[in-house]
Amino acid sequence: MAQENSSTITELVLIGFSNHPQAEIPLFFLFSGVYLVNLFGNTAIIILVVIDSCLKTPMYFFLCHLAFLNIFYTTAVVPKMLFNLLASKKVISYELCIAQTYISLLMGAAECIILPVMALDRYVAICYPLRYRLIMNWSVCVQLAVGAWTISFFASVVPLYFTMLPLCGPYIVDHIFCEVPVLLHMVCADTSLQETMMVIGASGTVLLPFLLITLSYLHILVAVMRMHSAEGRKKAFSVCSSHLTVVTISYGTGMFMYMRPKSLYSAEGDKLISLFYAVINPALNPLIYSLRNKEVTGALKRLLERWRVFQNQRILS
């Protein structure tokens, strides 16, 4: 294939689910519902944490960052995917494709770094309960959050910017959105360096944080098993189970997608994996963190009660 300057590309074909035309309408309604659940659930968490004083703790501070990136990630991906499910011409502009590539890489890296920060918070809370507020003060929390986003940016966006190569025609993206592993198949030159850097980057933003989470939870497990109170052990496991569920889903799919050679690429299989971590998982996160969390459900009940009182006062006035 002849090499072309990527600046001359105006749009690319985004295949998505066009290989299954009979499923496109049902998928449109399904993913629209999932996207709305994502927006409502994650926005609700952010609002609850902002307005409810009982949730102004380090754990919920970091949960807000996770909710924000869930919203931002899916908003960069889902609206275009939904539009193409109904459109006869399945295309994506080159600018939006590149934007999706950068955003998906940055948000994925940020999630993988914020999750071990949340594990660190749980470790301090359970292993050093008397010193928790001293260690995890607001200054430390802000520094950890800023550090997580900064590291994510320099570990994902910057290397991609300096190593991105021109694409070759025909410009067909056999995926549901644009991301690095898929675009590597459209590069005009040898991609050995890019594949190696992708694995190295994934090791730093996926594998290393996962090992830190594992280490944190091993210490937590030891501390919990030493507790004399069965109620205390139950509460500790309940607090950690939600985080562990999100960790398992996020890191499992991330490792599969970004820590393997290009030769193991499978278009249909990778669509399902990407669909899970870019669309479904962000909608599941607020449900996982809230349904089994008495503090979040309590904050929601207080908010609804305040809203009911406000509405009654308006009616009476």
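The values are calculated or read from the model by the stated rules, or taken from the named source; none is laboratory data. Note that the coordinates shown come from a computational prediction; the quantities given were computed from them, not determined experimentally. Note that we place each Cβ from the backbone using ideal geometry, even for glycine, and neighbour counts take in every protein chain shown. Remember, those area values only see protein heavy atoms, side chains included, never the ligands or the DNA or RNA. Shrake-Rupley method; radii C 1.70, N 1.55, O 1.52, S 1.80 Å.
Is one or more of the residues making up the range 134-143 of a type in the set (Ser, Thr, Tyr), more than 27 Å from Gly16 (Cβ to Cβ) and modelled with pLDDT of 90 or more? Working first, answer last.
Taking the range 134-143 first, the residues of a type in the set (Ser, Thr, Tyr) are 139.
This time we only want the ones that are more than 27 Å from Gly16 (Cβ to Cβ), so: 139.
Imposing the further condition that a residue be modelled with pLDDT of 90 or more reduces the set to 139.
There is at least one residue in the range 134-143 that is of a type in the set (Ser, Thr, Tyr), more than 27 Å from Gly16 (Cβ to Cβ) and modelled with pLDDT of 90 or more.
Here the range 15-59 is the region considered, the condition is being charged (D, E, K, R) and not in a helix (DSSP H, G or I), and the residue that is surrounded by the most Cβ atoms within 10 Å (Cβ to Cβ) is Asp52.
Report yes if Lys80 is out of contact with any Pro (no Cβ under 6 Å at 6 or more places or on another chain), assigned to a helix (DSSP H, G or I) and closer than 26 Å to Thr10 by Cβ, otherwise no. The answer is yes for Lys80.
Listed by first and then second residue, the pairs linking a residue in the range 269-292 that is closer than 20 Å to His243 by Cβ and part of a loop (DSSP other than H, G, I, E, B) to a residue that is open to solvent by 20 Å² or more (accessible area, probe 1.4 Å) and among the hydroxyl-bearing types (Ser, Thr, Tyr), with Cβ atoms under 8 Å apart and 6 or more places separating them unless they lie on different chains, are Arg292/Ser238; Arg292/Ser241. Output the helices (runs of 4 or more DSSP H) that fall wholly within the range 162-225 and possess 3 or more residues being open to solvent by 20 Å² or more (accessible area, probe 1.4 Å) and out of contact with any strand residue (DSSP E or B) (no Cβ under 9 Å at 6 or more places or on another chain), or say none. Those helices (runs of 4 or more DSSP H) span 192-202, 208-225.
Collect the residues in the range 269-289 that are under 22 Å from Ser32 (Cβ atoms), crowded, with 20+ Cβ neighbours inside 10 Å and not hydrophobic (A, V, I, L, M, F, W, C), keeping them in residue-number order. Walk me through how you get there before you give the answer.
Within the range 269-289, the first condition is being under 22 Å from Ser32 (Cβ atoms), and the residues that meet it are 271-288.
Among the residues that remain, those that are also crowded, with 20+ Cβ neighbours inside 10 Å are: 274-275, 277-279, 281-283, 285-286.
Those that are under 22 Å from Ser32 (Cβ atoms), crowded, with 20+ Cβ neighbours inside 10 Å and not hydrophobic (A, V, I, L, M, F, W, C): Ser274, Tyr277, Asn281, Pro282, Asn285, Pro286.
Among the residues making up the range 80-90, those that are out of contact with any Phe, Trp or Tyr (no Cβ under 8 Å at 6 or more places or on another chain) and either acidic (Asp, Glu) or surrounded by fewer than 18 Cβ atoms within 10 Å (Cβ to Cβ) (or both) are Phe83, Ala87, Ser88, Lys89. Selection within the range 108-123: residues that are β-branched (Val, Ile, Thr) and open to solvent by 10 Å² or more (accessible area, probe 1.4 Å). The member of this set that is nearest to Val140 (Cα to Cα) is Val117.
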